[in-house]
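FYI, it's all coordinate maths here, none of it is from the lab. Being a predicted model, the structure only gives us computed values, none of them experimental. Methodologically, a virtual Cβ is constructed for each residue, glycine included, from the backbone with ideal geometry; neighbour enumeration extends over all protein chains shown.
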Amino acid sequence: MTRILLDVDGVVADFTKGVEDATNHKFSKEDLKVWDILDKLDPEKKEHALEVLTEPEFWRNLPIIDGAQEVVNSWDSLGHDITWVTSPWVSCESWESARRDWLDMHFGLGTKGHHYIPTSSKGKIVGDVFIDDKPKNVTEWMAAHPQGKAFIFDAPHNQSFHGAPRFTWKRARDLV
């Protein structure tokens, strides 16, 4: 059995689309090349976005990234150990319960035996495979677990990172 560590925002949950919907702002392709898309909002929209991000409903209603459910369900059926490793949004007091609700709704967190670890120290979590969209997290995890296999989830903001193989749900679906 392979223990697969999966990030949530930007990997299975479409944080960018959630922010676009909440602010009624469509990010340009150029905007998406930076990690912190909130910096691409004008000050008034950024303030509104930061307020919205304190609400648990924002986190409960994030859209799912196409292909994620299908592939994760196939990994489940093959008996792999799925562990969700996600960084908390500290300004949202109910973030953890909202994140659990979201994972349960889309991936059956409570019924499929998945593990859930909210942490900003992802490099400390042991697994066989690690998938994240933030280069810093991938680099730290690889340094701590050289025997494991890390992937960078392909996104516009991480195109200059070449320290790990790229991962997409489409490629994974084609392999499955």
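Structural remarks
- Relative contact order (%) - criterion: Cα under 8 Å, at least six apart; region: the chain: 29 percent
- Where labels lie 7 Å past Cα in the beta-carbon direction, separation of Asp128 and Lys149 in nm: 0.9 nm
- The stretch between Asp76 and Asn61, if pulled fully straight at 0.36 nm per residue, gains 3.1 nm over its current Cα-Cα span.
- Taking 16 Å as the cut-off, the amide N atoms of the range 73-90 that come nearer than this to a point 7 Å along the Cα-to-beta-carbon line of His115 belong to 76, 79-87.
- Calculated mean residue ellipticity, 222 nm, the chain: -10500 deg cm²/dmol, from DSSP H runs (n ≥ 4) at -39500 (n - 2.57) each, averaged per residue and rounded to 500.
- Exposed loop sites are taken as GluC sites (Glu not before Pro) in a DSSP loop (any state but H, G, I, E or B) with at most 15 other beta carbon atoms within 10 Å; the longest stretch of the chain without one runs 94-176.
- Relative contact order [Cα under 8 Å, 6+ residues apart], the range 1-84, whole percent: 55 percent
- Euclidean distance of C-alpha centroids, the range 130-159 and the range 62-97, integer Å: 16 Å
- Partners for Lys40 among lysines (Cα-Cα distance below 26 Å; same-chain residues under 8 apart left out): Lys17, Lys26, Lys29, Lys134, Lys136
- Relative packing of peptides 103-112, 33-42 - highest average C-beta neighbours within 10 Å first: 103-112, 33-42
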